[in-house]
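Please treat every number below as a calculation from the coordinates, not as lab data. From a predicted model like this one, the values you see are computed outputs, not experimental measurements. Cβ coordinates were reconstructed from backbone atoms using ideal geometry, including for glycine residues, and neighbour counts include every protein chain displayed.
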Amino acid sequence: MNIWNGHRFNSSAPDRQSVSGAPPPPVPHPRRTWLPFVGVGAALLLVRTLGAHGTSSRSLTYSTFLSQVQSNHIRDVIGANDLDEARDRILLGPRESSNALLPGEQRAVAIHEAGHALVALCSEHADPVAKVTILPSGRSLGVTQQLPTDERHLYSESYLHDSLAVRLGGRAAELLVLGEASTGAASDLAGATELAMKMVRDWGFSTRLGPVGLGSGGPAYLGHQLTESRTYAEGTQLVIDEEVSRILSEAGERAHAILSERRVSLDAVIDLLLEKETISGLELVNVVRRSVDNDEPVAVSR
């Protein structure tokens, strides 16, 4: 299981795209002079490729054509769905039909991804959910995709805490519904731990350590292993470890509280994922609202 977010922390690129800026130049079509985009406005095209360099955007477009060739369904235009499929293929790997899950595993993946999605939907500062799928792709058994509405260069502490809660939402859902966690949360835990470490050690988000940026030192070789040197005392490292553990525990508890309070909605999202296997952000919002008050579906507001 995995969660993918359009932001890349600490990344900087001279040719980053902006949603409000000009669209990229047309991409040469392998068969024709130009490949037009139908149903893809300039802003939507840029949202689909936020965080990517111009070269990456061209690769994304070329990948859509390759997908059409492999499926023996070559068209003269590219649509939004084509871009989404190509982005998934690049980021997650090709979808393997042979990588079928057992019924119990599929339900566990649905529970996991529903937890990610619902925590993201209910977190004020989290990026909107674009898609949730329980179809295995590459090494991922399921994915919750969040796409930012704008490309940020700075991240607030509240945004980072929401990001941690979303990352731990899958494991929290497993604990709530199944009564135990699984190995599917391994990548979530690794990513959350890395982010919490940066918050404490690099960005000064620890009240115990205060506004200090200790950094990670530099690489040091010990035999055949690459270790991390540090320029601070062992006692400081102990405080860092304790603060990282505290922040992660609080994020996990918050995710668990969100899901516990919305258990009916969680079950509804799980059932919809098991039925359709892939749902959009709009479908997520609609099923949650129907489960709460049976109102008519409405458009996503953010």
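A crude spin-label estimate for the pair Glu180 and Val292, with each label 7 Å from Cα along the Cβ direction, gives 3.4 nm. Length available on full extension from Glu261 to Glu275: 0.36 nm per residue minus the Cα-Cα distance, which gives 2.7 nm.
Our estimate of slack between Arg139 and Tyr232, defined as 0.36 nm per intervening residue step minus the Cα-Cα distance, is 29.8 nm. Looking at region 105-158, which trypsin sites (Lys or Arg not before Pro) are in a loop (DSSP not H, G, I, E or B) and have at most 15 other Cβ atoms within 10 Å? Those satisfying the criteria are Arg139, Arg152. Rounded to 0.05, the FRET efficiency of the Asp150 and Leu101 pair, given R0 = 41 Å and the Cβ-Cβ distance, is 0.70. With distances taken between every two different alpha-carbon atoms, region 117-214 has a Kirkwood hydrodynamic radius of 14.9 Å.
Working out 0.36 nm times the residue gap between Ser187 and His125, then minus their Cα-Cα distance, what length gain in nm do you get to one decimal?
20.1 nm
The value given for region 103-293 is a Kirkwood hydrodynamic radius of 17.8 Å, derived from the mean inverse Cα-Cα separation.
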